[in-house]
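Values quoted throughout were computed directly from the atomic coordinates according to the rules given, and no laboratory measurement underlies them. Keep in mind it's a predicted model, so treat the numbers as computed, not measured. A quick note on method: Cβ atoms are made from the backbone with ideal geometry, for glycine too, and the neighbour counts reach across all protein chains shown.
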Amino acid sequence: MLSVSVKTKLGYVLIFGDKTHIVSVKLGVLPVESKEAPKFLLKAKKLFEEYFAGNPVDFSKIPVRLQGTDFQRRVWKTLRKVPYGHIKTYKWLADSIGCPCPRAVGNALRANKLSIIIPCHRIIRKDGSLGGFSAGLRWKRYLLELEGWEIDDKKDKAYHRL
């Protein structure tokens with residue numbers, strides 16, 4: 001497995017790939033760099049650096065390998081269309097794929113191995129509270145704030161764009 005890392009305010013982000021696709025993104029881990037990463041992985045690193053510098057980034061052109069059930073892949077492909085700086089609810093995502101159960105969507109998000117590229121952090125509860133995040137709420141808050149959202153720390157709610 002090949003990897004590149006990006007330093008952030010909360011720690012390192014590791015981007016793992018095979019020879020042609022990104023297969024995993026890990027948040028808050030120790031940095032590990034492959035000696036010779038392929039061009040697509042180096043391009044992904046640059047995009048992540050731009051993202052963490054606070055710039056809007058479109059990750060849709062990065063080749064990814066979605067590893068999951070048909071249902072999970074449907075959730076992730078739909079979620080990938082939610083643009084930088086926007087948030088949606090678990091219910092919206094469930095309705096978008098014709099699923100009657102937002103909780104099932106939440107389970108699919110928990111299985112997402114491509115954080116940020118498939119932006120689960122942009123999905124919140126219908127009451128505005130943050131819900132969960134596989135890397136922890138500290139990371140979810142950070143990513144939403146980076147994209148311009150103000151978070152009420154006492155209520156864990158996303159308020160409005162700054």
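The table that follows gives values for the structure above.
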{"quantity": "Approximate spin-label separation H86-E150, in nm, with each point projected 7 Å along Cα-to-Cβ", "calculated": "2.3"}
{"quantity": "Peptide ranges 28-37, 104-113, 6-15 listed from the most packed, as the mean C-beta count within 10 angstrom indicates", "calculated": "104-113, 6-15, 28-37"}
{"quantity": "Per-pair calculated FRET efficiency, R0 = 22 Å: Y12 and S96 via Cβ, rounded to 0.05", "calculated": "0.10"}
{"quantity": "Using distinct alpha-carbon pairs, which all enter the 1/r mean, Kirkwood radius of segment 71-135 in Å", "calculated": "11.4"}
{"quantity": "Those lysines that a straight Cα-Cα span of less than 29 Å connects to K35, excepting residues fewer than 8 apart in one chain", "calculated": "K7, K9, K19, K26, K43, K45, K46, K61, K113"}
{"quantity": "Rounded D (µm²/s) - the chain, Kirkwood Rh over Cα pairs, Stokes-Einstein at 4 °C, 1.567 mPa s", "calculated": "81"}
{"quantity": "Per-bin percent of Cα-Cα distances, segment 1-59 [5 Å]", "calculated": "4, 21, 32, 26, 14, 3"}
{"quantity": "Paramagnetic label zone (point 7 Å from Cα along Cα-to-C-beta, F71; backbone N under 20 Å) in segment 96-116", "calculated": "96-114"}
{"quantity": "Beta bridges per DSSP with both ends in the chain, % antiparallel, nearest 5", "calculated": "75"}
